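Every read-out reported here was derived from the displayed coordinates using simple, explicitly stated rules and does not represent laboratory data. Being a predicted model, the structure only gives us computed values, none of them experimental. Here the Cβ is made from the backbone with ideal geometry for all residues, glycine too, and neighbour counts use every protein chain on show.
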Ligand code: AHG
Ligand code: MN
Ligand code: MN
């Protein structure tokens, strides 16, 4: 990880990109950043203003909806519509894609990722994926930008590496990390260990292998799991290692959603020299057939992800 001394703002960074649509993209990213700031402010005082807890409803995916999920969805949606540059929005909190205009970007987003952490003051964040519109169902390889913002940091890729921007005293996002690179191999794994009995044998064998003692290969790995993809991925991006939400018994596609969780994180991982896979295929290559489709996700350091794939394929014992 290289800390940079050049004080470039998020807006200036996007405008300086090699993309021909850099100025339009800068407007969209800037609006997402402003939405992120608004959400962070609301989160900071949520307990004081009755914004914690659930709405009592479930979303299209059968998950309990928190008050802040819905509120943040409105904030991100309004921010994106205001740009006049977006044709269609896909959100975790909306059953169907929302058509906004005939032309413009397709933006897929998870307004609050990790919402099970909301009521315990844990880390949550917004994930976004920007593609050329107006088709909302496109492969991850079509992404023009992707990023996430846990609290006061925005991590972004425009396909030219990964940079991170930190909110300064003046309310500007200023680059704090440039050209982030994931180590080829890490020392931690991140998975919901309580689900072990639901995994396929290859995943179980791989995690067992990580737990064995062998100093030559840096084992055992440490275990880290927040239960918030933005937080678990952020650590994996900075320090290396592997994050897994694999296929499970009764849930062959795992839990995470392709369009606004797996694909944007895959774009970031690859741009930082890492890998992202279902265990059998590259996440970025999957063409979605439905807006909320789920995929198993193995993401992180290239060597760690490759080894996990070998176990799934039965090549490593
Ligand atoms: P969301 O809060 O947007 O529904 O996403 C939750 C996701 C993700 O953030 C996290 O990695 C995973 O669910 C945790 O799931 P488990 O509680 O099953 O481990
Ligand atoms: Mn999520
Ligand atoms: Mn969410």
Inset, instruction - Could you list the residues of the stretch 214-248 with an amide nitrogen less than 19 Å from a label point located 7 Å from the Cα of residue 58 in the Cα-to-C-beta direction? - result: 248
Inset, instruction - State log₁₀ I(q)/I(0) for the stretch 188-313 at q = 0.13, 0.21 Å⁻¹ as given by the Debye formula over alpha-carbon point scatterers of equal weight, solvent excluded. - result: -0.46, -1.27
Inset, instruction - Can you figure out the FRET efficiency of residue 11 with residue 96, using R₀ = 41 Å and their beta-carbon distance, to the nearest 0.05? - result: 0.80
Inset, instruction - Mind giving me the nanometre distance, one decimal, between the label points for residue 282 and residue 198, set 7 Å out from Cα along Cα→Cβ? - result: 3.0 nm
Inset, instruction - Treat each spin label as a single point 7 Å out from the Cα along the C-beta direction, and report the residue 48 to residue 213 distance in nm. - result: 5.1 nm
Inset, instruction - For residue 18 and residue 152, calculate 0.36 nm times their separation in residues minus their Cα-Cα distance, and state this gained length in nm to one decimal. - result: 45.6 nm
Inset, instruction - For residue 223 paired with residue 34, estimate the spin-label separation in nm (one decimal), with each label point 7 Å from Cα along the Cα-to-Cβ line. - result: 4.5 nm
Inset, instruction - Provide Rg over Rh for the chain; use the alpha carbon set for both Rg and the Kirkwood Rh (inverse mean inverse pair distance). - result: 0.95
Legend entry - Cα gyration tensor, the stretch 117-177 - rounded (a/c under 1.5), prolate or oblate: oblate
Inset, instruction - Please report 131, 235 as a ranked list, fewest other C-beta atoms within 10 angstrom at the top and most at the bottom. - result: 235, 131
Inset, instruction - Fewest Cβ neighbours within 10 Å first, please rank 233, 173 accordingly. - result: 173, 233
